[in-house]
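Any read-out appearing in this document is the output of simple, stated calculations on the displayed coordinates, not a laboratory observation. None of these values were measured; they are calculated from a predicted model. All Cβ positions, glycine included, derive from the backbone under ideal geometry; neighbour counts span all protein chains shown.
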Amino acid sequence: MLILGALSAIAIPRISQSATNAKRKACDTNVDVINSSIELYNADFGAYPKDLTDVTKSTTYFPDGAPSCPFGTAYVMDVKTYRVAAHSHKTSTSVSVSKKAVSPSP
């Protein structure tokens, strides 16, 4: 039982951290894809979109729907640079593991 507790104390936080890292990388990829679509919009229309939804609601650029942040944070286009910037994700990566004291049987 003690060995399982020790393994859990090591494995669970690492698995949780790996999932968080994967979500961050997916979000970064989504930002790159959206920015590429903004450039395609500019090439197609000769002007940048006035609003991000001009690109994200278009089936021309996102036939399966616009990507969404795995953390639920909205993507926002800067109207001066016409770019969606990477954003921070405030998540807790700590996992608490309860430990039980095991006393030997008499």
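Equivalent ellipsoid semi-axes for the stretch 25-87, as square roots of 5 times the alpha carbon gyration tensor eigenvalues: give them largest first, rounded to whole Å.
18, 13, 9
In terms of Cα to Cα distance under 16 Å, which aspartates and glutamates are near enough to LYS90, apart from those fewer than 8 places away along the same chain?
ASP28
So if I place +1 on the C-beta of Lys and Arg and -1 on the C-beta of Asp and Glu, and nothing else carries charge, what would the dipole magnitude of the stretch 25-87 be about its Cα centre? I want it in debye, nearest 20.
Roughly 140 debye, rounded to the nearest 20.
Among 64-73, 28-37, what's the highest-first ranking by average C-beta atoms within 10 angstrom per residue? Could you put the intermediate results ahead of the total?
On the way: 64-73: 13.1, 28-37: 15.7.
Peptide ranking by packing, descending: 28-37, 64-73.
Excluding residues fewer than 8 places away in the same chain, name every one of the aspartates and glutamates whose C-alpha is closer than 18 Å to that of LYS80.
ASP32, GLU39, ASP51, ASP54
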